[in-house]
1. Roughly how tilted is helix 15-30, in degrees to the nearest 10 and between 0 and 90, from the longest Cα axis of the chain?
2. HN-Hα J couplings of region 87-93 from phi, Karplus 6.51/-1.76/1.60, θ = phi - 60°, integer Hz, Gly and Pro as x?
3. Starting from the Cα gyration tensor of region 43-100, take the square roots of the eigenvalues, sort them a ≥ b ≥ c, and report rounded, prolate or oblate (rounded when a/c is under 1.5, otherwise prolate if a/b is larger than b/c, else oblate).
4. Cα gyration tensor of the chain, axes a ≥ b ≥ c as square roots of the eigenvalues: rounded (a/c below 1.5), prolate (a/b > b/c) or oblate?
5. Which peptide among 40-50, 55-65 comes first, and what is the full order, when sorted by highest mean count of other Cβ atoms within 10 Å?
6. 7 Å from Cα along Cα→Cβ at both E96 and A72: what's the point-to-point distance in nm?
7. Between K44 and S88, how high is the FRET efficiency from 1/(1 + (r/R0)^6) when r is the Cβ-Cβ distance and R₀ = 30 Å? Nearest 0.05.
8. How would you rank R38, R90, R14, going from fewest to most other Cβ atoms within 10 Å of each one's own Cβ?
Amino acid sequence: MVGVLTHHWAKEGRVEEAGALLDGNGQAQSRAPGFVVRYSLASKSDPSKLSSLVVWDSEAIYDAWKASPERAAAMAGAEGLWSRPPESERFEVTAELGASGTSRS
């Protein structure tokens with residue numbers, strides 16, 4: 001599995017609009033093949049910073065999502081919301097520990 005951590009910085013006065021767009025993108029992701037889970041994160045130190053951690057079955061599946069018309073539709077108009085370019089990094093998921101203490105690796 002691959003985890004993708006992405007940071008977005010919304011322009012002043014557009015944080016709610018940016019959050020709504022990212023939530024819509026998350027809804028579209030949740031319907032895509034190979035989607036596992038998505039966490040939306042709000043920075044405690046920078047109110048303009050909206051981040052997400054999305055887990056996919058594989059990098060190939062994530063790459064297919066990035067190139068999909070569904071993603072393009074979900075993110076239409078996003079460029080005008082950001083005060084700086086988004087930053088994204090991929091991680092290999094090496095283990096998972098749930099609240100019950102069960103693990104999967």
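1. 30 degrees
2. Each residue of region 87-93 in turn: 10, 9, 9, 9, 10, 7, 7 Hz.
3. Numbers: a/c = 2.41, a/b = 1.19, b/c = 2.02.
It comes out oblate by the Cα gyration axes.
4. Values: a/c = 2.17, a/b = 1.41, b/c = 1.55.
Taking the square roots of the gyration eigenvalues as a ≥ b ≥ c, the chain is oblate.
5. Working: 40-50: 13.1, 55-65: 16.1.
Peptide ranking by packing, descending: 55-65, 40-50.
6. 3.1 nm
7. Values: r = 21 Å, r/R0 = 0.69.
For R0 = 30 Å, the calculated efficiency reads 0.90.
8. Numbers: R38 18, R90 12, R14 15.
Least to most surrounded, the residues fall as R90, R14, R38.
Each reported figure results from applying straightforward, stated rules to the coordinates on display, with no laboratory input. Quick caveat, the model's predicted, so the values are computed rather than measured. Positions of Cβ are backbone-derived with ideal geometry, glycine not excepted, and every protein chain shown enters the neighbour counts.
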